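For reference, the structure is listed below as structure tokens.
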Amino acid sequence: MDSISTKNCTIHFNNTCYSSLNKHLKDNNFSKIFILVDENTHQHCLPLFLEKMETTAVIEIMEIESGEINKTIDTCVGVWNTLSELDADRKSLLINIGGGVITDLGGFVACTFKRGIAYINVPTTLLSMVDASVGGKTGVDLGHLKNQVGVISNPNLVLIDTNYLNTLEVNQMRSGLAEMLKHGLITGDSYWSKFEDLSKLSLDDLDGLIYESVIIKKNVVEEDPFENGLRKTLNFGHTLGHAIESYFLSNPNKTTLLHGEAVIVGMILACYISTELTNFPKEKTLKIKDLFLSYYGKITIEKSELPAIIELLKYDKKNHHGNINFVLLEDVGVTKIDCLVDDSVILDAFEFYAS
């Protein structure tokens, strides 16, 4: 796989990652290099990264706790304070090695510390490779509400080394696959058809599928970097998916869901709503539901929990003028944005999911 050049940064894959990194370090003469990790990437990924890295600059390692629950302003304050205590200046570099929490939070820390220092994203999960590390979105959650505080800011480089995927558990791989499935549904049959029999996919197929997925997202965000139109299609399944994820995150009686697990539910619900409102073929909704449930299983959501989940929809970042805006499908690869949906249809969608 080759590198992918975007308007704002270059994404390097596998063999090109470390030669590009080392050239960048040599060309820019950073005063200090800070590496942000969590306890998992500190143990499993950092040693490989440091082995490939060539620099005479001082390197400082900063570790935060893993998990969406730690994607907060409080964590940022801790990292900002550490940067200050270790004498980071405006010529410092921050390298974020981890999943979406690390790349989102680390990017936000970098572009706000001293009004902006350089940073590089090294995504180590499938989800962060195909989603979080591409497109320039940085930020943190506000309590249990997803991605409420942040800015659009692009890293100097994105380094995608699929060897890091060998460290992931199966549920983390499934979480990332959900975003790739979404890319298929919103872009068309040529990519979507490659996922229609998940049992036939192997790790050997993964590199090419990741590469295609990154190109899909890159093309969308370049055309619409600030989410005024086309980029909204990347939120297919996320309106309800984020609400479900936030509800499970905030409820002590529920097991926290991974992002992709919640988005899979959201996409099944969105397909049902699409069938009801935008004439998405019913047979395709049924096929998608069967495919997703065969691989992800079904999550139990009680009827009594639905009002709280629907209440969380008002915090979705696509909303404006008091309206909750959904992305729906007219067909695979044919999307419709800014759709208004009555609560009664949403409740019917949950009943369809549970049936």
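State which residue pairs qualify: first residue under 20 Å from S66 (Cα atoms) and free of Cβ contacts under 8 Å to residues at least 40 places away in the same chain and inside segment 105-120, second residue of a type in the set (A, V, I, L, M, F, W, C) and in a helix (DSSP H, G or I) in any location, beta carbons under 7 Å apart, and separation of 6 or more residues or different chains.
Filtered contacts from segment 105-120: Y119/A110.
Pull up segment 163-192, narrow it to residues that are in a helix (DSSP H, G or I) and small (G, A, S), then point me to the one that is farthest from L257 (Cα to Cα).
Checking each candidate, the answer is S190.
Can you tell me which residues in segment 319-345 are β-branched (V, I, T) and under 24 Å from the mean Cα position of the chain (by Cα)? First the steps, then the outcome.
Residues of segment 319-345 β-branched (V, I, T): 324, 327, 332, 334-335, 337, 341, 345.
Listed by number, the residues that qualify are I324, V327, V332, V334, T335, I337.
Just to be sure I understand, how many residues within segment 260-282 are surrounded by fewer than 23 Cβ atoms within 10 Å (Cβ to Cβ) and farther than 14 Å from F352 by Cβ?
The qualifying residues number 4.
Any residue in segment 189-214 that's more than 22 Å from S133 (Cβ to Cβ): show its pairings with residues that are modelled with pLDDT under 95 at Cβ separation under 7 Å, as long as the two are six or more apart or on different chains.
So the pair list comes out as L198/Y295.
Quick check on this structure: which one of K23, K91 is closer than 25 Å to Y211 by Cβ and either among the hydrophobic types (A, V, I, L, M, F, W, C) or modelled with pLDDT of 95 or more (or both)?
K23
Of everything in segment 237-256, what is in contact with a Leu (Cβ under 6 Å, 6 or more places away or on another chain) and among the charged types (D, E, K, R)? Give them in sequence order.
E245
Mind checking whether some residue in segment 175-182 is open to solvent by 20 Å² or more (accessible area, probe 1.4 Å) and not charged (D, E, K, R)?
Checked against the condition, which is being open to solvent by 20 Å² or more (accessible area, probe 1.4 Å) and not charged (D, E, K, R), segment 175-182 yields no hits at all.
Scan segment 36-56 and give yes if some residue there is under 19 Å from G116 (Cα atoms), hydrophobic (A, V, I, L, M, F, W, C) and at pLDDT 95 or above, otherwise no.
Scanning segment 36-56, I find at least one residue that is under 19 Å from G116 (Cα atoms), hydrophobic (A, V, I, L, M, F, W, C) and at pLDDT 95 or above, so the answer is yes.
One line per residue, one yes/no per condition, for (1) among the hydroxyl-bearing types (S, T, Y); (2) within 16 Å of the chain's Cα centre (by Cα):
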{"site": "Y191", "(1), (2)": "yes, no"}
{"site": "L206", "(1), (2)": "no, no"}
{"site": "I210", "(1), (2)": "no, yes"}
{"site": "K218", "(1), (2)": "no, yes"}
{"site": "E223", "(1), (2)": "no, no"}
{"site": "G237", "(1), (2)": "no, yes"}
{"site": "H242", "(1), (2)": "no, yes"}
{"site": "N251", "(1), (2)": "no, no"}
{"site": "T256", "(1), (2)": "yes, no"}
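Check V122, V149, V140 and return the single one that is modelled with pLDDT of 95 or more, buried (at least 24 other Cβ atoms within 10 Å of the Cβ) and within 27 Å of L249 (Cβ to Cβ).
Testing whether each residue is modelled with pLDDT of 95 or more, buried (at least 24 other Cβ atoms within 10 Å of the Cβ) and within 27 Å of L249 (Cβ to Cβ) leaves just V122.
Cβ contacts < 9 Å: first residue closer than 30 Å to N228 by Cβ, restricted to segment 149-170; second residue charged (D, E, K, R) and part of a strand (DSSP E or B), any location; separation 6+ or different chain. Result?
Pairs found: V149/D141; G150/K137; V151/K137; I152/K137; S153/K137.
Taking segment 108-129 on its own, how many of its residues are over 17 Å from M53 (Cα atoms), within 14 Å of the chain's Cα centre (by Cα) and hydroxyl-bearing (S, T, Y)?
Count: 2.
Restrict the check to segment 220-234 and report whether at least one residue is in contact with a Cys (Cβ under 8 Å, 6 or more places away or on another chain), without any contact (Cβ under 8 Å) to a residue 60 or more places away in the chain and farther than 16 Å from E179 by Cβ.
Within segment 220-234, not a single residue is in contact with a Cys (Cβ under 8 Å, 6 or more places away or on another chain), without any contact (Cβ under 8 Å) to a residue 60 or more places away in the chain and farther than 16 Å from E179 by Cβ.
The values are calculated or read from the model by the stated rules, or taken from the named source; none is laboratory data. As the structure is a computational prediction, the values presented were derived from the model and not from experiment. Don't worry about glycine lacking a Cβ; one is built from the backbone with ideal geometry, like all the others, and counts go over all protein chains shown. These area figures cover heavy atoms from the full protein model, side chains too; ligands, DNA and RNA do not enter into them. Shrake-Rupley method; radii C 1.70, N 1.55, O 1.52, S 1.80 Å.
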